[in-house]
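The values are calculated or read from the model by the stated rules, or taken from the named source; none is laboratory data. Just so it is clear, the model here is predicted, and its values are computed rather than measured. Ideal geometry is used to build each Cβ from the backbone, glycine not excepted, and the neighbour counts take in all protein chains shown. Side chains are part of the model used for accessible areas, which takes the heavy atoms of the whole protein and leaves out ligands, DNA and RNA. Shrake-Rupley method; radii C 1.70, N 1.55, O 1.52, S 1.80 Å.
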Amino acid sequence: MMKNKNLKSVLLISLLLIVINLAGNFYFLRFDLTADHRYTLSPTTLKIIKEVKEPLIIDVFLKGEFPGEMKKLQTETQQILEEFKAYNSNIMFQFVNPLEEEDKRDETIQSFVERGLTPINLTLNDKGKQTQEVVFPWAITTYHEQSISVPLLKNIMGASTAEKVVSSVQHLEYAFTNAINTVTKKEHKKVIIIKGNDELDDQYIFNFIKSVKENYLIAKFPLDSININPTAGLQFLKKYDLAIIAKPKKPFSDEQKQVLDQFIINGGKAIWLVDPVHMEMDSLNNETGTNLAFPIDLNLNDLFFKYGIRIHPALIKDLQASPIVLETGEPGTGTQKIKLPWYYSPMVYPSQNTKHPISSNLDAIKFQFASPIETLKNDINKTILLQSSQYSKLVGTPTEVSLRMVSEELTPKDFYGYGNYPVAVLLEGKFHSVYENRILPFKDATYKNIGKNSKMIVISDGDVIKNELDKKGNDVELGLDQRTGFFYGNKEFLMNCVNYLLDDNGLINIRSKVVNLPILDKEKVYDNYTIAQIISVGLPLIILGIFGLLFTFLRKRKYSK
């Protein structure tokens, strides 16, 4: 009787397992039990990865033994890629150690650097002992013959490795989804760089252009050609999706404004980086260290006013400022380079109150001689993406700017009642033409007063997009200040702007994902190292020993009778 019951139980369990396995072939279900649902992929990600019809290879250069923080990045990267693969078996990944062959170490590092995959040097602390380790926090996504690099570790100024890892893990889903979307999509949006009004030279926006090229088609358009044939120029511009105007210094003609206006009215997107005040840091390199900052009229005031903003020709002086490097001491007696705050260079952190995907999870952005943007009432939706700190105020122009300002002793009290001036604003909606109820500068049979829904971003500083040059005249990473060694979030912010304006499937919204990643406090671990060893190693052994003795005692007691 007992045997029959056991046999029935075995058969019932076996049948249940068979049914569950058969159901698994028809129904796909995964459970994410993490509190922050970090492994739950967004609908946008699922849509993109399910469209991968052929093998897509992801090489991750994080193979090896790493310290706690980098081990966490390694583990989280593997977890997110396993989620990708679970939903589409065409997505395959492998972890690679690029420095596995010691005899080719220098050659490998050089080849990676030439491809833009810069390594980082980690200083490992183990109970007071320090060692250096070279790590490549990168991945390469390849589909057919197209490849794109994926940065895995964000460069955050002043942050510890643990803090960088936490921020980077929040960025992983977006980074890989964006890369997959880039290499698999057949049609790419088109970006046009506007020239002809003394905008920044190509060498100063080249690093930004290289990043845009990874995702979009890009070209230049000489806006001064409008003066010859404005109608043809407008038709050409309409073929593009986004126009970037980077720090023009010459006024725009009415014909040029009409072309740009109609481009936007017809659904074109735009990023304006404009300076209403003429002032350059290089102009202070003279015997007195001073120069005059004065307003410049770009003939864009009526255009911006119609769209719903006004840029004031004043300079923002901010206590939360980026430093500059100056030499002190008498010539011939040994000068010393020191970092001093430059109050005309606001170091802008995204506001915690603005949960917009463009400015979410960003490092500080460096501005130089920025001006305030005033938002006006109209039907256009406006979002302030960036603003100066609460400890900032305005300086009217014209005004003398001097390097002696670094010696000013300012306190928060000096800025009471001022502050929080917008320096980057997103405008969305159906724009009204600046030439509505006005005589057109040139005849246009396709002219519209009100057009399609469109978007634009206005930034009141052209230097936000400007990269520095090294001693050989080559561009350096946008956001890197070579003199101070600080790395700002300018490049990531601008690429977020481009992606948001051109994003049709909501990919940029993945950036708003928040991950609460627990990281061990090393100092507490070191202070309680012996206790931690006893609890983590000794206590389980003691419990196991007590259980073994108790089990042996009870067994002897049972069978000795």
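Okay, here's what the table says:
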read-out	value
J(HN,Hα) series, segment 233-238, from Karplus relation 6.51 cos²θ - 1.76 cosθ + 1.60, nearest Hz, glycine and proline x	x, 5, 4, 5, 5, 5
Sequence-distant residues sharing a close amide H with A321 (under 5 Å, placed H)	M347
Computed FRET value (nearest 0.05) for S147 with K430, which takes r as the C-beta separation and R₀ as 41 Å	0.55
Formal net charge of residues neighbouring L385 (Cβ-Cβ distance under 14 Å; K, R +1; D, E -1)	+1
Answer label for mean projected area of the Cα convex hull in nm² (calculated), chosen among [x] 40.1; [y] 27.5; [z] 51.0	[x]
Three semi-axes of the equivalent ellipsoid, segment 144-197, Cα gyration tensor, whole Å, largest first	29, 20, 9
Accessible surface, 1.4 Å probe, highest first, among residues Y391, Y421	Y391, Y421
Mean Cβ count within 10 Å, highest first, over the residues of peptides 322-328, 139-145	139-145, 322-328
T290-I546 pseudo-label distance in nm [points 7 Å out on the Cα-to-Cβ vector]	8.0
Environment charge at N90 (Cβ cut-off 11 Å; Lys +1, Arg +1, Asp -1, Glu -1)	+1
Protection proxy ranking, peptides 256-263, 437-444, average beta carbon neighbours within 10 Å, highest first	256-263, 437-444
Additional length obtainable on full extension of the chain from T335 to T399, 0.36 nm per residue less Cα span	20.0 nm
D202-L469 pseudo-label distance in nm [points 7 Å out on the Cα-to-Cβ vector]	1.4
Residues Y418 and A86, FRET efficiency given R0 of 51 Å [Cβ-Cβ distance, rounded to 0.05]	0.45
Accessible area per residue, Å², segment 258-316 with all protein chains present, probe 1.4 Å	35
Summed side-chain charge close to K154 - residues other than K154 whose Cβ falls under 9 Å, Lys, Arg +1, Asp, Glu -1	-1
Sequence-distant residues sharing a close amide H with N361 (under 5 Å, placed H)	none
1.4 Å probe accessible area per residue over segment 369-443, in Å²	55
Phi to ³J(HN,Hα) by Karplus 6.51 cos²θ - 1.76 cosθ + 1.60 over segment 194-210, Hz, x for Gly, Pro	7, 10, x, 10, 6, 6, 4, 4, 4, 5, 8, 10, 5, 5, 5, 4, 4
Helical contribution to [θ] at 222 nm, DSSP H n ≥ 4, -39,500 (n - 2.57), averaged over the chain, rounded to 500	-9500 deg cm²/dmol
Positive-pole candidate from S253, L152, S14, dipole of the chain, charges at beta carbon	S14
Separation between Cα centres of segment 360-429 and segment 140-198, rounded to whole Å	28
Accessible carbon and sulfur surface of segment 278-415 relative to its total accessible area, %, 1.4 Å	49
